[in-house]
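To keep things clear, I will list the structure first and then write my remarks on it.
The values are calculated or read from the model by the stated rules, or taken from the named source; none is laboratory data. Keep in mind it's a predicted model, so treat the numbers as computed, not measured. Backbone-built Cβ (ideal geometry, glycine too); neighbour counts: all protein chains shown.
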Ligand code: ARG
């Protein structure tokens, strides 16, 4: 009998995997649920299910703190967003895989199993990490057996696997966001019904009063809200709560998956939108024009690496080195106004600000305007010559 550690979320795919591994792969199954900030029921349920199905052992691994500081904050410092998606699910996968590999080694298992289908991105993300850290076998029962969701449900019923109560959608939640897929949302002409959301109010239900919020950053990461200092996990959760209350952070996009499929994705990412918006505002006053331009490029590349599951790619670490250096000056306060789905930056300040109110002011005389005339005169020299020579007519 092969000893297998299964990354277990308690959802349909991974619940079905337990029985498949036992029946079709003759495996002894150890389940593990990695806590990356999903709601408490999503931590408790896997333990109950594992107990009910009688797996040989079940582990709950708390990785919230590490997820916040080593993953979310790095993504925030890079303003990582892929095609409009702040990479919540994508960011957690490598960490989950790392924890599962560590456990499999500790348990002396010979294989790791995951519940990914063959159509999604997560199979790439999990397997990239597992292969870079071990030589363990990888078993993907849902992909192997080419199962549909309906077939999975029938199989689950036939083996008495307890399923989450009539969940319509496929949902993945962690500290950085909530992803909602499947059912009627697969039709891109259909507006997501209100019931699909749980982290964000609709604009109708959001408070009539606007809220003004100040977020303090140190070295590119948030440390306080309205002067109240908070640890990373807490500050991210608070940003989710406050921005969600004001109906900020709903995203509905068509996304390009790794294999090339276009998929319709809905996300609730209130904290991510709030923090990325504030972070960018602070970068605007602290970084130079050249740095900001280069940051755009870093951000795009960094986001693709995360989306594609290449967390262990050396380029990611190289980019972190330059980001770490630049972010030393991204320190200060950003004031934001939240109101019925609207998010506006209304103030920013930093001890490293390159903004000189005195010099830019219309009232300033110290920067002598006459000195600039020479800089202006030959400024568009090539464009002037081109227009005179090539466009005579
Ligand atoms: N499309 C996103 C990604 O690949 C989210 C997938 C979320 N999964 C889910 N079962 N809802 O990162």
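Among the residues making up segment 91-115, those that are out of contact with any strand residue (DSSP E or B) (no Cβ under 9 Å at 6 or more places or on another chain) and within 14 Å of the ligand (Cβ to nearest atom) are 93, 94.
What number of residues in segment 174-197 are within 12 Å of the ligand (Cβ to nearest atom) and closer than 17 Å to residue 37 by Cβ?
6
The residues of segment 116-151 that are part of a loop (DSSP other than H, G, I, E, B) and within 16 Å of the ligand (Cβ to nearest atom), listed by number, are 116, 117, 118, 119, 120, 121, 140, 147, 148.
Each residue in segment 152-170 was checked for being in contact (Cβ under 8 Å) with a residue 60 or more places away in the chain and within 9 Å of the ligand (Cβ to nearest atom), and 1 pass.
Here residue 338 fulfils each of the conditions (1) under 25 Å from residue 169 (Cβ atoms); (2) part of a strand (DSSP E or B); (3) more than 16 Å from the ligand (Cβ to nearest atom) apart from (1). Which numbered condition in (1) in contact with a strand residue (DSSP E or B) (Cβ under 9 Å, 6 or more places away or on another chain); (2) part of a helix (DSSP H, G or I) is the only one that residue 59 fails? For residue 59, the failing item is (2). Filtering segment 311-323 for residues that are away from the ligand (no atom under 16 Å from the Cβ), surrounded by 16 or more Cβ atoms within 10 Å (Cβ to Cβ), in a helix (DSSP H, G or I) and free of Cβ contacts under 8 Å to residues at least 24 places away in the same chain leaves a non-empty set. Condition (residue is surrounded by fewer than 20 Cβ atoms within 10 Å (Cβ to Cβ) and either at pLDDT below 95 or within 15 Å of the ligand (Cβ to nearest atom) (or both)) applied to segment 27-39: is it met by at least one residue? Yes: one or more hits. Reported count of residues in segment 202-238, each being buried (at least 20 other Cβ atoms within 10 Å of the Cβ) and farther than 25 Å from residue 351 by Cβ, is 1. Looking at 303, 299, just one residue is in contact with a strand residue (DSSP E or B) (Cβ under 7 Å, 6 or more places away or on another chain), farther than 25 Å from residue 234 by Cβ and either within 16 Å of the ligand (Cβ to nearest atom) or in a helix (DSSP H, G or I) (or both), and that residue is 303.
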